[in-house]
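The values are calculated or read from the model by the stated rules, or taken from the named source; none is laboratory data. Predicted model, so just to flag it, every value in this text is computed and none were measured. Counting neighbours? That spans all protein chains shown, and the Cβs are built from the backbone with ideal geometry, glycine included. For accessibility, only protein heavy atoms count, side chains too; no ligands or nucleic acids. Shrake-Rupley method; radii C 1.70, N 1.55, O 1.52, S 1.80 Å.
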Amino acid sequence: MMENLLTYIPLDIALIAENFDRFLYGVWVTLNLTFLSLLLGGLLSIPMAIARASKHRVFNPLVQGYTYVFRGTPLLVQTYLIYYGVGQFEVIRESFLWDPILSSAWWCALIAFTLNTAAYTTELLRGAIADTPTGEVEAAIATGHSYRSRLRRIILPSAFRRAIPAYSNEVIFMLHGSVIASTITLQDILGVGRWLNGRYYLAYEGFITAALLYFLIVLCITWAFWGFERRYLRHLTRRDTAAQPATSPLPTPERV
């Protein structure tokens, strides 16, 4: 019965299963690039977001220019410039960073992805910091907190919590953007799918398998952020109307 069912599926399931270990390796490469770039980009974005939100006289214009460049140009162009462009300079090829880092496709992709997501996360956190309720800041000032203490104990924790829903989109966008790694010889999920189609002259087996794997990863990310929102944004949810004290409606006059 199973063999009869497979004959009606327009995919070579056996070929996909035979090369599924390559797809698992592609998942490992994709997750490594995505979450390492998100981690490093998130760490870079915190001081830059503070500089933007505080409108620092020196750092604010510099950070604004950085975010404008990396948000205004495609991630593909940024990756190509780092992977293909920096090698055109002899001073870089002769530096100590060339052999271990800048000559490696993986490191170039990580650098490009980190700088790109740091720009987007900076503006996301800047908005969350700027939207901190005035009452929270005034209460911190009234209790004697310094500016650094307000940032560490009040403003940043509140901004991080309120930025969770928007940051989940950035995580998913970064995951989808990681397919660019396949264009610079890395065997991520899409790279393995392209390899499978090219090796066996297939039309869509590799692409459909890659799409399903991306879908499953996004589903896991969505569930994780849904749990984060339930835990850290519980105080912002609207109370159940049944828990609120009932108010007796005004008596309606009887019709004569």
request  = Could you work out how far the C-alpha centroid of region 58-131 sits from that of region 18-49, in angstrom?
outcome  = 15 Å
Between helix 164-177 and the chain: long-axis angle, C-alpha atoms, 0 to 90°, nearest 10 = 10 degrees
key: Environment charge of ARG231, counting only residues whose C-beta is closer than 15 Å and scoring Lys/Arg +1, Asp/Glu -1   = +3
query = Toward the positive end of the charge dipole of the chain, about the Cα centre and with charges on Cβ (Lys, Arg +1; Asp, Glu -1), which of GLN187, ILE82, ALA140 goes farthest?
reply = ALA140
query = Based on Cβ point charges of +1 for Lys and Arg and -1 for Asp and Glu, what charge dipole magnitude is obtained for the chain about its Cα centre, in debye rounded to the nearest 20?
reply = 1280 debye
ask   = Stokes-Einstein at 37 °C, 0.692 mPa s, Kirkwood radius from Cα pairs: D for region 20-104 in µm² s⁻¹?
value = 209 µm²/s
remark   = In nanometres, the difference between 0.36 nm per residue of separation and the alpha-carbon distance of ALA203 and THR73 is 43.7 nm
query = Stretch ALA166-GLU90 to full length: gain in nm at 0.36 nm per residue minus the Cα-Cα span?
reply = 23.2 nm
query = To the nearest 20 debye, what is the magnitude of the charge dipole of region 115-233 about its Cα centre, counting +1 on the Cβ of each Lys and Arg and -1 on the Cβ of each Asp and Glu?
reply = 360 debye
key: Where labels lie 7 Å past Cα in the beta-carbon direction, separation of PHE59 and THR185 in nm   = 3.8 nm
query = So what is the calculated 222 nm ellipticity per residue for the chain, using -39500 (n - 2.57) for each DSSP H run with n of 4 or more, over all residues, to the nearest 500 deg cm²/dmol?
reply = -21000 deg cm²/dmol
message = Where in the chain is the longest stretch that carries no trypsin sites (Lys or Arg not before Pro) classed as loop by DSSP and with at most 16 other Cβ atoms within 10 Å?
response = 58-237
remark   = For the chain, longest principal axis from Cα atoms; helix 59-72 axis from its Cα atoms; angle between them, nearest 10 degrees, is 50 degrees
note = Mean separation of Cα contacts under 8 Å (at least 6 apart) over the residue count of region 156-225, i.e. the relative contact order in percent, is 27 percent
request  = Give the residue from CYS108, LEU124, LEU39 lying farthest towards the positive end of the charge dipole for the chain; charges sit on Cβ (+1 for Lys and Arg, -1 for Asp and Glu) and the dipole is referred to the Cα centre.
outcome  = LEU124
message = Given all pairs of different Cα atoms, what value in angstroms does the Kirkwood hydrodynamic radius of the chain take?
response = 22.0 Å
request  = Loop only per DSSP, at most 16 neighbouring Cβ atoms within 10 Å: give me the chymotrypsin sites (Phe, Trp or Tyr not before Pro) in region 145-233, ordered by residue number.
outcome  = TYR201, TYR204
message = How large a share of the accessible area of region 1-145, in percent, is made up of carbon and sulfur atoms when the probe is 1.4 Å and the other protein chains stay in place?
response = 67 percent
Contact order normalised by residue count of region 107-184, Cα under 8 Å, 6+ apart, percent = 44 percent
inquiry  = Please compute the length gained on full extension between ILE101 and ALA211, using 0.36 nm multiplied by the number of residues separating them and subtracting their Cα-Cα distance.
reply    = 36.6 nm
request  = For region 83-174, give the magnitude of the charge dipole about the Cα centre (Cβ charges: +1 Lys/Arg, -1 Asp/Glu; no others), in debye to the nearest 20.
outcome  = 460 debye
task = With everything on Cα atoms, drop me the angle between helix 20-54 and the longest principal axis of the chain, reported from 0 to 90° to the nearest 10.
result = 40 degrees
